[in-house]
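The block underneath contains the structure these notes are about, expressed in structure tokens.
The values are calculated or read from the model by the stated rules, or taken from the named source; none is laboratory data. Computed from a predicted model, the values in this text were never measured in an experiment. As a convention, Cβ positions derive from the backbone with ideal geometry for all residues, glycine included, and neighbour counts pool all protein chains shown. Heads up: the accessible areas ignore ligands, DNA and RNA and are worked out on the full protein's heavy atoms, side chains in. Shrake-Rupley method; radii C 1.70, N 1.55, O 1.52, S 1.80 Å.
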Amino acid sequence: MNCKNCANSLQTDYSFCPDCGAKVIRNRLTIKNLLSDITERYFNLDNTFLRTFFHLFTKPDVVINGYVNGTRRKYVNPISYFGIALMLAGFLMFFMRKVFDFEMDLDAFDQGMNPEFTKKMKDVIYDYSSLSFISYIPVFLIVGLITLNKRKHILAEYTISVIYSLAQWSILSFFTSMFIIAYFPESFTNYSLTALLFMILYFLYVQQKLNKYSAWQIIYKSVLFTGIFFTIFVGLIFFIMIVAMITGHFNPADFVPAK
């Protein structure tokens, strides 16, 4: 008998391949087996996903430094973890549009926004939500390297901390967002702005764990990071609006406030 994953020769009493660690499958795939495999893989308390999720709250430095230093099997790798976050973000958009029939209020502060503008903006948010989330990576990466890199991580190493941090916050916010949409939909826009601030706070927490700044240093660097981040963030919004106008998604009349 051979392993179906690596073709290594196996004894008949083996439950796992000693070469690659894969589970030996002897039975045909059934619904029961499929559900059992999903439950074991993602909801078993000993599995790597839950271990990664909990440890990114309690000891993110161990997860991130472990991966950078070569520990690759104990935790979910950052790319896969980010993929899970994107999948949940896609589910969230689906639930908002198709299940809850959610109407996003972009004029939460009663600024008198043009209804045509808000309609087009909602379509952009829904259609490009995953792309906009991915765009956070270079922003956090650039600002973080400038302000929060005491350990002198190189670009690839620092990218790991950014990806893990953003993925972790996205996975957590999926559940809180679902709760807000289900029970307090009128508060979702305000919640989204608050969630952005907490995402930054979580990233700063991770960087503090990695770099071990003094109290004064982390306060100073947090203010510096937040200021540069929002400067770039606002600049990106203006850039996107200009590109949207050039490509015909928006026109100048859409920005005229409603009378």
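Might you let me know whether the stretch 20-36 holds any residue that is in a loop (DSSP other than H, G, I, E, B), within 18 Å of the chain's Cα centre (by Cα) and either exposed (fewer than 14 other Cβ atoms within 10 Å of the Cβ) or modelled with pLDDT of 70 or more (or both)?
Taking every residue of the stretch 20-36 in turn, none turns out to be in a loop (DSSP other than H, G, I, E, B), within 18 Å of the chain's Cα centre (by Cα) and either exposed (fewer than 14 other Cβ atoms within 10 Å of the Cβ) or modelled with pLDDT of 70 or more (or both).
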Checklist line | Subset of the stretch 218-243 that is over 19 Å from the mean Cα position of the chain (by Cα) and polar (S, T, N, Q) - its residue that is farthest from Lys150 (Cα to Cα) | finding: Thr231
Checklist line | Failed item in (1) surrounded by 12 or more Cβ atoms within 10 Å (Cβ to Cβ); (2) closer than 19 Å to Phe140 by Cβ; (3) not hydrophobic (A, V, I, L, M, F, W, C), with His249 passing the rest | finding: (2)
Checklist line | Number of the condition not met by Asn149 [criteria: (1) open to solvent by less than 50 Å² (accessible area, probe 1.4 Å); (2) in a helix (DSSP H, G or I)] | finding: (2)
Item checked: Matching option when the condition is among the β-branched types (Val, Ile, Thr), open to solvent by 20 Å² or more (accessible area, probe 1.4 Å) and without any contact (Cβ under 8 Å) to a residue 40 or more places away in the chain, among Ile142, Ile180, Ile228 -> Ile180
Note to self: Would you confirm whether or not the stretch 183-196 contains a residue that is acidic (Asp, Glu), under 26 Å from Tyr67 (Cβ atoms) and assigned to a helix (DSSP H, G or I)?
What the structure shows: no
Checklist line | Every residue from the stretch 200-225 that is open to solvent by less than 50 Å² (accessible area, probe 1.4 Å), hydroxyl-bearing (Ser, Thr, Tyr) and assigned to a helix (DSSP H, G or I) | finding: Tyr202, Ser222
